[in-house]
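Participant: Structure incoming, see below.
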Amino acid sequence: MSARILIAEDHPASLELMSYLLRAHGYDILPAENGEIALALAHSERPDLILCDLQMPAKTGFEVAEAVKSDPRTKDIPLIAVTAFSMLGDREKVLAAGFDDYFSKPIDATCFVRDLEQHLPPSLLATRLPRATRNGT
């Protein structure tokens, strides 16, 4: 069984890219286009991990983090900020707000899934098919 990952992202292209990468690796996706929907899904679906933009309508990523981490039902769900905020001190501010990690945008498609998987237990890692070698064996 692979993880169910909630993606809270209001920018359609960013949501599409993250969803595509995660689905291609075998993960189930719960999309949310704003913080309010993300919180409702976090409570009703209990995802295994939450990716969360910081600037969203309805509730910001900081408001989502506060609500998720203060609720006993969701406080243990890994919460990762995915944001364009990349000024000096932003990472520390994000981690101090309750996020477990910080990924800056634009995401690096070559390591995004691998970096995210560090926050999942081995039992929830997606099963991948072995890659074919150059000679097809």
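Participant: Taking into account only those residues within the range 76-101 that are in a strand (DSSP E or B) and not hydroxyl-bearing (Ser, Thr, Tyr), which is nearest to Phe62 (Cα to Cα)?
Facilitator: Per the stated criteria, the residue is Ala81.
Participant: Then there is this: Among what's in the range 50-67 and is more than 13 Å from the chain's Cα centre (by Cα) and assigned to a loop (DSSP other than H, G, I, E, B), pick the residue that is farthest from Val82 (Cα to Cα).
Facilitator: Top of the filtered list is Ala58.
Participant: I'd like the full set of residues that are among the aliphatic types (A, V, I, L, M), touching a helix residue (DSSP H, G or I) at 6+ places or on another chain (Cβ under 6 Å) and within 20 Å of Pro121 (Cα to Cα), limited to the range 6-41.
Facilitator: Leu6, Ile7, Leu21, Ile29, Leu30
Participant: Identify all residues within the range 1-49 that are touching a residue at least 40 places away in the same chain (Cβ under 8 Å), closer than 14 Å to Thr74 by Cα and assigned to a helix (DSSP H, G or I); write none if there are none.
Facilitator: Answer for the range 1-49, where residues must be touching a residue at least 40 places away in the same chain (Cβ under 8 Å), closer than 14 Å to Thr74 by Cα and assigned to a helix (DSSP H, G or I): just Glu45.
Here is a yes/no grid of residues against (1) under 18 Å from Asp101 (Cα atoms); (2) small (Gly, Ala, Ser); (3) modelled with pLDDT of 95 or more; (4) buried (at least 17 other Cβ atoms within 10 Å of the Cβ):
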| residue | (1), (2), (3), (4) |
| --- | --- |
| Leu6 | yes, no, yes, yes |
| Leu17 | no, no, yes, yes |
| Gly26 | no, yes, no, no |
| Leu30 | no, no, yes, yes |
| Leu41 | no, no, yes, yes |
| Pro47 | yes, no, yes, yes |
| Ile50 | yes, no, yes, yes |
| Glu63 | yes, no, yes, yes |
| Ser70 | yes, yes, yes, no |
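Listed here are the residues, each with its yes/no results for (1) surrounded by 16 or more Cβ atoms within 10 Å (Cβ to Cβ); (2) among the small types (Gly, Ala, Ser); (3) touching a residue at least 24 places away in the same chain (Cβ under 8 Å).
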{"residue": "Thr83", "(1), (2), (3)": "yes, no, yes"}
{"residue": "Gly89", "(1), (2), (3)": "no, yes, no"}
{"residue": "Glu92", "(1), (2), (3)": "no, no, no"}
{"residue": "Ala96", "(1), (2), (3)": "no, yes, no"}
{"residue": "Asp100", "(1), (2), (3)": "yes, no, no"}
{"residue": "Ala109", "(1), (2), (3)": "no, yes, yes"}
{"residue": "Phe112", "(1), (2), (3)": "yes, no, yes"}
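Participant: For the list (1) in a loop (DSSP other than H, G, I, E, B); (2) of a type in the set (D, E, K, R); (3) within 15 Å of the chain's Cα centre (by Cα), I need the number of the one condition that Arg73 fails.
Facilitator: In the conditions (1) in a loop (DSSP other than H, G, I, E, B); (2) of a type in the set (D, E, K, R); (3) within 15 Å of the chain's Cα centre (by Cα), Arg73 misses (3) alone.
Participant: So which residues in the range 77-97 are at pLDDT 95 or above and not hydrophobic (A, V, I, L, M, F, W, C), if there are any at all?
Facilitator: Pro78
The values are calculated or read from the model by the stated rules, or taken from the named source; none is laboratory data. The shown structure was predicted, so the numbers you read here are calculated from the model rather than taken from an experiment. As a convention, Cβ positions derive from the backbone with ideal geometry for all residues, glycine included, and neighbour counts pool all protein chains shown.
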